[in-house]
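To start, the structure itself, in structure tokens.
The values are calculated or read from the model by the stated rules, or taken from the named source; none is laboratory data. In this text the structure is predicted, and so the values were computed from the model without any measurement. FYI the Cβ positions are ideal-geometry reconstructions off the backbone, even for glycines, and counts take in every protein chain you see. Only protein heavy atoms, including side chains, enter the accessible area calculation; ligands, DNA and RNA are left aside. Shrake-Rupley method; radii C 1.70, N 1.55, O 1.52, S 1.80 Å.
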Amino acid sequence: MSTDRRTRIVTGAVELIATQGIRALTHRALDNRLALPPGSTSYYFRTRQALIEAVTEGITARSRADFLAMHDESTNERPLDPAQVARDIAGWLAHLLTHRRDELIARHALIIEVMSDRHAHARLAGSLFSLDRATDLFSALGAADPHASAHDFLALLEGLVFDRFAGLRAGSAGDIDQLTVPLAEFLSSGRNYRPGQPNSE
């Protein structure tokens with residue numbers, strides 16, 4: 001029961017931030033929103049910081065589980081082709097925008113909120129996309145500097161997602177074909193690869 005209630009509180013916190021903003025995140029507001037007895041949220045999460053840490057962990061855990069479920073089997077069975085990798089990742093972004101929009105909004109609000117806390121900020125910044133996995137991808141594609149390419153690619157992913165939940169395209173559904181174009185351009189860019197090394201194997 002305690003695990004179920006913790007999960008419910010974390011989910012409620014995400015929804016509260018996404019719909020009312022970061023300032024609305026209080027223990028009392030969550031108790032009211034979830035129709036819990038007064039003091040319930042503070043019983044499980046003594047401080048606001050503990051609540052933020054739980055939301056961060058929830059977003060991170062779901063991201064890892066979703067990504068593994070959607071990509072591991074398919075990507076391990078064929079050579080890496082930048083065009084196909086771009087479309088696969090575009091599908092992942094479309095999934096985020098369709099099914100996890102509240103988490104995207106809450107994560108962005110929390111990243112700004114914890115800017116002064118280096119540890120919390122680093123965890124939130126890495127909670128959606130994995131720098132290690134991106135670096136492995138660019139190593140496999142033959143990037144001249146896999147780590148630098150991975151950083152640039154994650155910046156591109158962050159921008160594409162932000163554009164569609166809070167930017168000029170806010171409210172629009174994630175279109176896989178549209179999302180694929182900039183990803184494919186980046187992944188196929190000749191400047192990212194070592195001379196003479198194919199980028200499709």
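Here is how the numbers come out for the structure above:
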{"item": "Modelled FRET efficiency - R0 41 Å, D81 with Q20, Cβ distances, 0.05 increments", "result": "0.40"}
{"item": "Translational diffusion of the chain, µm² s⁻¹ [Kirkwood Rh, Cα pairs; Stokes-Einstein; 37 °C; 0.692 mPa s]", "result": "180"}
{"item": "Within the chain, helix-based [θ] at 222 nm, where runs of 4 or more DSSP H residues each add -39,500 (n - 2.57), nearest 500", "result": "-22500 deg cm²/dmol"}
{"item": "Per-residue SASA entry for S189, accessible area with 1.4 Å probe, Å² rounded to 10", "result": "20"}
{"item": "Simple label model, 7 Å out from Cα along Cβ direction - R64 to R169, nm", "result": "3.0"}
{"item": "Separation in nanometres of the label points that stand 7 Å from Cα toward Cβ, at A29 and A144", "result": "4.8"}
